[in-house]
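Every read-out reported here was derived from the displayed coordinates using simple, explicitly stated rules and does not represent laboratory data. Treat the numbers as computed from the prediction; the structure is a model and nothing was measured. A quick note on method: Cβ atoms are made from the backbone with ideal geometry, for glycine too, and the neighbour counts reach across all protein chains shown.
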């Protein structure tokens, strides 16, 4: 009898699949009619939001910010990373219910999970927030027309670039970044064509495209934040006090939390700390890998004096958490200068108090901060102010609110100038963030002037 079991399974599958898709199309037609009726009866209702399905912390931060602003907003992910857990996001696709009967639901999810997740989402949401990887259908045969399906349901799509989804090795201009990708992601070369197709598809079909400084392969962007990621600056408390240790009277602690060492320049930081120790300075490196996010934040707030995020390119989520906790933050804002210059001209990069640091000068920059607790505190407080202004829930609420005004309500909104230093609307009445850096470097005469002014 066992010889016939595979045949029975095949017959069952061939029967189930057409029945499933027939029921699916019928159900989709019903959802489409229900959506039209809902919006006809509630024309002033705020659009309902969903974020997924790639498990980046940014999605939950954005969703929480918009929920606090009166939107119905939820995250739905297909998995979680090793530094996250099941409580990190609102929901996961493997938890969805179809019939309410456990074994049947599990079977359906095993075979049709992406389609079930998509169906769940179009029933509950109006604006879909995805990355260039694609949405809930990105691993199905429906991938090439996911945007068209969403538009058929009356939904809108906002695409936000996050990193690996918008980098093609052949278009990366910064060769250090490319080398880092080749170290940590050597297989990316084999998916470059698919990445290119994803970028072109969503650039053509999304209702709005938001990217930060990672613009090498981008044919389009509609909003120009230097970086669109936010953290909850209301929940993340800043340091209660700043250490007066200067490497001689006490230990200065440097924190670094790489997800992948190759693209962060970790080895250069390790060597720099070792050489500073050999010089006699009391400096300690707190190297965190695969550590839960809550513990990273605690160490930033309670233990660390300096954060070094990455030595090849700009800044990302870890830097923003460093900003929020009031740490002085080091990252590379010069090797990528050709791309970053537009964010000095058209966005808010000139207000950023991050100390620009490369693999070649990381030891000198660390020595300066280790031996100058006054400069650490000055930059740390400026970083907190910068984080509150440009990487807070308020920034997300403003930016996405303007996007929704344009794509959902059809208002005339000039998205490209939202953060323009002269034309931008965002916090126009507030003064720029005050800090001593010029193009993210300490001016040659600054330290001497501070020393002369100290009694």
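Structure above, values below:
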| quantity | calculated |
| --- | --- |
| Calculated P(r) of the stretch 143-182 - Cα pairs past 16 Å, % | 55 |
| Per-peptide average of other Cβ atoms within 10 Å, ordering 326-334, 45-53 highest first | 326-334, 45-53 |
| Segments 439-445, 168-174 sorted - mean Cβ within 10 Å per residue, highest first | 168-174, 439-445 |
| Two-site FRET efficiency, residue 170 against residue 341, from Cβ-Cβ distance with R₀ of 30 Å, rounded to 0.05 | 0.85 |
| Value of Rg/Rh across the stretch 295-352 [Cα atoms, Kirkwood radius] | 1.03 |
| Scattering profile of the stretch 245-332 at q = 0.13, 0.14, 0.16 Å⁻¹ [log10 I(q)/I(0), Debye over alpha-carbon scatterers] | -0.39, -0.45, -0.59 |
| Crossing angle, helix 192-205 versus the chain [Cα axis fit, 0-90 degrees, rounded to tens] | 80 |
| Ranked packing of 69-78, 90-99, 207-216, most packed first, by mean Cβ within 10 Å | 207-216, 69-78, 90-99 |
| Estimated FRET transfer efficiency when R0 is 56 angstrom, pair residue 423-residue 26 (beta carbons, to 0.05) | 0.65 |
| Degrees separating the helix 102-124 axis from the principal Cα axis of the chain, which is the longest one | 70 |
| Spread of Cα-to-Cα distances over 5 Å intervals beginning at zero, given as percent, for the stretch 46-210 | 1, 8, 16, 19, 20, 16, 11, 6, 2, 1, 0 |
| Whole-Å distance, taken between Cα centres, linking the stretch 260-320 and the stretch 174-194 | 23 |
| Bins of 5 Å, starting at 0 and running to the largest distance - Cα pair percent for the stretch 94-180 | 3, 12, 19, 17, 15, 12, 9, 7, 3, 2, 1 |
| Potential lengthening between residue 72 and residue 282 on full extension [0.36 nm per residue; Cα-Cα distance subtracted] | 70.6 nm |
| Beta bridges by DSSP in the chain, antiparallel share as percent, to the nearest 5 | 5 |
| Size-normalised alpha-carbon gyration radius of the chain, reference 2.2 N^0.38 Å | 1.08 |
| Residue 197-residue 412 pseudo-label distance in nm [points 7 Å out on the Cα-to-Cβ vector] | 4.1 |
| Estimated FRET transfer efficiency when R0 is 56 angstrom, pair residue 103-residue 374 (beta carbons, to 0.05) | 0.30 |
| Backbone N under 15 Å from the residue 81 label point (7 Å along Cα→Cβ), restricted to the stretch 179-199 | 184-185 |
| Helix 57-68 vs. the chain, principal-axis angle (Cα, 0 to 90°, nearest 10) | 80 |
